Every structure is written in C-alpha cells, then in structure tokens.
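Report on the structure given below.
Every number here is computed from the coordinates shown, using simple stated rules; none is lab data. None of the values given here were measured: they were computed from a predicted structure. Ideal geometry is used to build each Cβ from the backbone, glycine not excepted, and the neighbour counts take in all protein chains shown.
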Amino acid sequence: MDVTETRLPDVKVFRPRIFEDSRGYFTETYTQSKFDTHVSGLTFVQDNESYSRKIYTVRGLHYQAPPFAQDKLVRVLRGSVFDVAVDVRSGSSTFGQWVGEELSHTNGCQLLVPKGFLHGFMTLEPDTIVAYKVTAHYDGASDGAVHWASETLGIDWPAGPDQAVLSDKDAAAPPFDTFNSPF
C-alpha cells in the first residue's frame, strides 16, 4: 500500500495495490496491520455507503462533534468524487485550510480524514457509490455541517452552486465564518 502525505497534517492518501489480469482485478482495500504502520491508534467500528444518482451531488461539509468525533477512511466503489477535508482544529496552524483529492473506482485511492476536520465530496459522475469506514458510531445530537461553498474557505469545487445537487440540510448549513469549532 502506497501512502502519500497531503499538505494538511494527518490527512493522507492511501493507494492499495491493484492486481489486474484478463478477468479483472483484485485488491486489498484495507488491512489493519498494514494501515497501522502508517496511522496508529485508530479502530474502525462502522462501514457506511452512499449512492448519488446525479453528477455534482454534494455531501458535506459534515462533522461529528466530540465525544462522537469520527476519523474516516473514504473510497469510491463506482464513479468518482472530488473529496475534501478542512482543518477545523482550534489552534492548528492550518485551521481553515482544505485539501481536495480525486477518488475513483479506477485509481483506487482512499482519503483518511481525521477527527477535527470537516469532510465532504462532490460527485464527478452519475451513479457514484462512496464507502467509508468510521471510528465512532453516528450520534444525531453531535451531527453538524458547514456550507460547502463558504466563500471564506475558497474551496475550488469542480462545479458551482448553480450545478450542485444538495440535500435540504446541506443547502441550509451555516457558512464557515459563523462556525464555532468544537475541536
């Protein structure tokens, strides 16, 4: 498994090895012992999956506040996404900075989004399926969101608000400049 550091501390891109032949391919998408050599102390307790019918569907920017904060390991089973992590750790030298990576079923890349980061993605193809592992169970009272297109963040999304497909929750999320980080 190849691991690439991003410009934000603790956000990493994992690229499992893919073995292809005439039948298709095989890959180990996750092996605890191999993962632990790059990131220690994480125990995943739940796997989640989302399906998005339309291109430019946005899910995020979401977080779970402590004590239900989640580390996430995100990958794409079908299609592709522009996946984003935003540092919201109070006192961090990179607070408010973001990193974005293209994840697809063909490149096999996975993004590790640690606790203390907002997370969201925009689909780049219709019928995209995203899977992710999390280190804490969902808690509705700890669920939060920041508006995906907050000008303060300046995220360079592949499509603008006029093309984005949003849930009511994500459309109504407050802007980043009013966000009070629980981290």
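A few points about this structure:
- Prolate/oblate/rounded call for the range 12-105, Cα gyration tensor, a/c under 1.5 rounded: oblate
- Of the chymotrypsin sites (Phe, Trp or Tyr not before Pro) found in the range 76-174, those in coil by DSSP whose Cβ has at most 15 other Cβ atoms within 10 Å are F95, Y138.
- For GluC sites (Glu not before Pro), the sites in the range 17-92 that DSSP calls loop and that have at most 14 other Cβ atoms within 10 Å are E28.
- Dimensions of the range 105-183 along the principal axes, based on C-alpha atoms and rounded to the nearest Å, stand at 37, 34, 22, largest first.
- Note that the range 98-107 has calculated 3J(HN,Hα) couplings of 10, 9, x, 9, 7, 10, 8, 5, 7, 7 Hz, one per residue in order, obtained from phi through the Karplus relation 6.51 cos²θ - 1.76 cosθ + 1.60 (θ = phi - 60°); glycine and proline are x.
- Stretching N48 away from S22 to a fully extended chain increases their span by 6.3 nm, per 0.36 nm per residue minus the current alpha-carbon distance.
- Relative contact order (percent, whole number), the chain, Cα cutoff 8 Å, 6+ residue spacing: 29 percent
- Listed residues T4, W157, V45: farthest to the positive end of the dipole of the range 2-178 (Cβ charges): V45
- Choice from S33, S22, S50 with maximal GNM fluctuation in the chain (Cα, 10 Å cutoff): S22
- About its Cα centre, the dipole of the chain is roughly 280 debye, where the only charges are +1 on Lys and Arg Cβ and -1 on Asp and Glu Cβ.
- Cross-link partners of K12 among lysines (Cα-Cα below 22 Å; sequence separation of 8 or more within a chain): K34, K72, K115, K133
- Exposed loop sites here are trypsin sites (Lys or Arg not before Pro) assigned a DSSP state other than H, G, I, E or B and surrounded by at most 14 other beta carbons within 10 Å; excluding them, the longest clear run of the chain is 55-183.
- The range 54-87 versus the range 102-161: alpha-carbon centroid distance in Å: 2 Å
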